[in-house]
Amino acid sequence: MATKRKRLGDLLVESGIITEEQLQDTLKTKEKSKKLGDALVEKRYITEHQLIEVLEFQLGIPHISLYRYPIDTKLLNLVPLELAKRKLLIPLRKEGNQLTVAMNDPMDYYAIDDLRMATGLQISPVIATKDDILQAINKYYHMQSASSGSSLDSAIGLDDDESTVIDLVNQILLQGIQLKASDIHIDPHETTVVIRYRVDGVLKTERTLSKAAQSQLTARIKIMANLNITESRLPQDGRIKISLNMTPVDLRISTLPTVYGDKIVIRILDLSSVLNNLDDLGFNKVNYNRFVKLIEQPSGIILITGPTGSGKSSTLYAALNHLNSDEVNIITIEDPVEYQIEGINQVQVNSKVGLTFAAGLRSILRQDPNIIMVGEIRDGETAEIAIRSSLTGHLVLSTLHTNSAIGAIPRLIDMDIEPYLVVSSLSGVVAQRLLRRVCKECREPYTPAQFEKEFFAKRGMKVDKLYRGRGCGNCRGTGYRGRLAVQEVLVIDDEIRALMINNQSISKIRDYAMRNGMIFLVDDGLLKAKQGITTVEEVLRVAVDE
């Protein structure tokens with residue numbers, strides 16, 4: 001065994017995955033508590049998949065996917081939860097005197113020795129990804145956490161233990177963060193309560209609780225969000241700021257009375273992963289340069305359009321961060337304020353006391369602003385004040401619900417805004433959608449089908465190779481992991497203004513934009529599919545070929 005005790009850095013250098021310089025740079029700069037593998041992945045010298053492949057090949061330790069793996073839950077009593085979480089490992093099966101354990105770092109010999117001492121068994125490690133292990137710990141240990149083997153939710157109904165319901169809520173939230181879910185749905189049914197998570201835009205049931213858990217679960221969440229626990233006839237909205245596993249998380253809570261009790265939706269705003277940088281938004285080079293040029297103008301109105309959940313807020317916040325400096329006064333009016341940004345004055349809409357978008361916007365204009373961000377233009381009054389603000393030397397950023405960038409023009413005119421005001425003030429419109437990314441761990445190339453080749457040809461592109469995800473534990477069998485944005489940027493130039501003022505049709509404006517090199521949503525999507533970042537199916541799902 002002693003001969004196998006090679007160091008990870010040496011293995012990676014020997015395999016040609018990293019250079020000696022990269023290894024030394026990482027060893028010098030990494031925090032003491034951080035493992036070398038994690039530090040190398042963070043610096044993007046290697047991917048987690050490459051790390052696992054090297055360990056698998058060099059050490060002869062197999063790599064397994066824990067997704068749907070038949071874990072023997074009786075073995076969880078052998079390894080304390082604290083040890084499993086600290087060392088990122090989980091016991092899988094026992095054969096005779098040998099315990100097979102999934103580990104994120106099979107070269108952590110201290111952890112193997114700790115396990116040998118704790119269990120009295122010989123340890124046989126296998127490799128699994130960090131996310132895989134965390135999800136398995138969350139799922140299986142928490143199934144075991146109630147007394148006498150009964151599930152946690154039935155324990156709530158039986159013993160009225162306050163700490164048990166606190167544990168249950170923490171588990172539900174923790175699983176949401178580990179799955180990188182955007183929303184958690186707690187759905188009451190006649191005899192059960194279903195917990196669903198929206199991951200990469202798709203809802204999936206992860207857990208079913210007994211009906212007995214419902215009242216305490218609802219009460220606990222309402223208490224955390226400072227809501228009225230006795231009110232079950234009216235919808236309520238609240239907010240929770242907590243730190244889970246050292247991760248600061250902002251939660252928006254919405255309750256809705258249904259025939260089977262309150263349905264609760266928890267929106268997760270992970271404060272550690274706020275997009276601060278325009279470079280992180282996935283703009284292609286042409287669109288990026290056009291967008292930066294638009295937002296760096298001293299005045300005018302710039303709109304971000306798209307349906308709910310298309311990442312409009314992230315783009316707005318990234319634009320504000322780009323513009324944020326001591327020399328400018330930036331004020332926002334939002335409903336709600338999703339992320340607080342240092343150095344920016346943010347106002348929360350409060351309709352109950354008359355602080356609407358329109359009323360707030362009027363007051364903001366008396367505060368000597370350079371840049372104004374209006375969370376959403378919902379009505380003609382807000383639109384008109386925003387437009388008039390942009391004509392008096394302010395840069396105004398806002399969002400609008402339309403299907404395309406060009407569609408924003410008739411939408412504003414439909415709000416009874418005078419066409420000449422729209423023409424004079426509008427600088428540009430960005431339309432945006434979110435697509436699922438192909439999972440990097442199981443991505444594989446394939447030859448495009450005839451319909452895919454025709455689809456590309458119709459948009460003036462040629463394609464010989466596309467990519468898709470095979471499905472693995474890392475992406476929970478979906479073939480997708482994470483999301484990216486596709487955009488189209490319409491810059492309003494003098495020619496478009498002339499077409500607008502002469503009441504020309506939207507199709508004429510579209511034809512002009514196309515001739516002028518505008519990259520439409522579907523084109524941006526196909527370019528990203530060609531690069532292997534997403535799939536043609538995803539492009540067809542969210543971007544309509546007009």
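The values are calculated or read from the model by the stated rules, or taken from the named source; none is laboratory data. Quick caveat: nothing in here was measured; it's all calculated off a predicted structure. Every residue, glycine as well, gets a Cβ built from its backbone with ideal geometry; the counts of neighbours run over all protein chains shown. For the accessible areas, the whole protein counts, side chains as well, though only heavy atoms, and no ligand, DNA or RNA atoms are used. Shrake-Rupley method; radii C 1.70, N 1.55, O 1.52, S 1.80 Å.
For the reader, a short list of remarks on this structure follows.
- Global form of the range 288-344, assessed from the alpha-carbon gyration tensor, a/c cut-off 1.5: oblate
- Radius 13 Å from Cβ of residue 42, net charge of other residues (Lys, Arg +1; Asp, Glu -1): +2
- Anisotropy class of the range 183-226 from Cα gyration tensor, a/c 1.5 cut: oblate
- Degrees between helix 506-515 axis and first principal axis of the chain (Cα, 0 to 90, nearest 10): 70
- Cα centroid of the range 475-491 to Cα centroid of the range 344-401, whole Å: 30
- Per-peptide average of other Cβ atoms within 10 Å, ordering 374-385, 325-336 highest first: 374-385, 325-336
- Around the amide H of residue 483, modelled in the peptide plane, lie the amide H atoms of 437, all under 5 Å away and 5 or more residues distant in sequence or on another chain.
- Contact order for the range 220-360, expressed relative to its length and based on alpha carbon pairs under 8 Å spaced 6+ residues apart, stands at 13 percent.
- The helix-based estimate of mean residue ellipticity at 222 nm for the chain, built from -39,500 (n - 2.57) per DSSP H run of four or more residues and divided by its residue count, is -10500 deg cm²/dmol to the nearest 500.
- Within the accessible area of the chain (1.4 Å probe), percent carbon and sulfur: 50
- Nearest-0.05 FRET efficiency for residue 285 and residue 348, computed from C-beta distance (R0 51 Å): 0.90
- In percent, rounded to a whole number, the relative contact order of the chain is 9, using alpha-carbon pairs under 8 Å and six or more apart.
- Dipole magnitude of the chain about its Cα centre (Cβ charges: Lys, Arg +1; Asp, Glu -1), debye to nearest 20: 1120
- Ranked by the mean number of other Cβ atoms within 10 Å of their residues, highest first, the peptides 67-80, 122-135 come out as 122-135, 67-80.
- On Cα atoms only, tilt of 285-295 relative to the major axis of the chain in degrees: 60
- A straight line joining the Cα centroids of the range 17-75 and the range 512-546 runs 35 Å.
- In the chain, the longest principal axis of the Cα atoms and the axis of helix 312-323 are about 80 degrees apart.
- FRET efficiency, 1/(1 + (r/R0)^6) with R0 22 Å, evaluated for residue 392 and residue 420 via beta carbons: 0.90
- Separation in nanometres of the label points that stand 7 Å from Cα toward Cβ, at residue 226 and residue 43: 4.5
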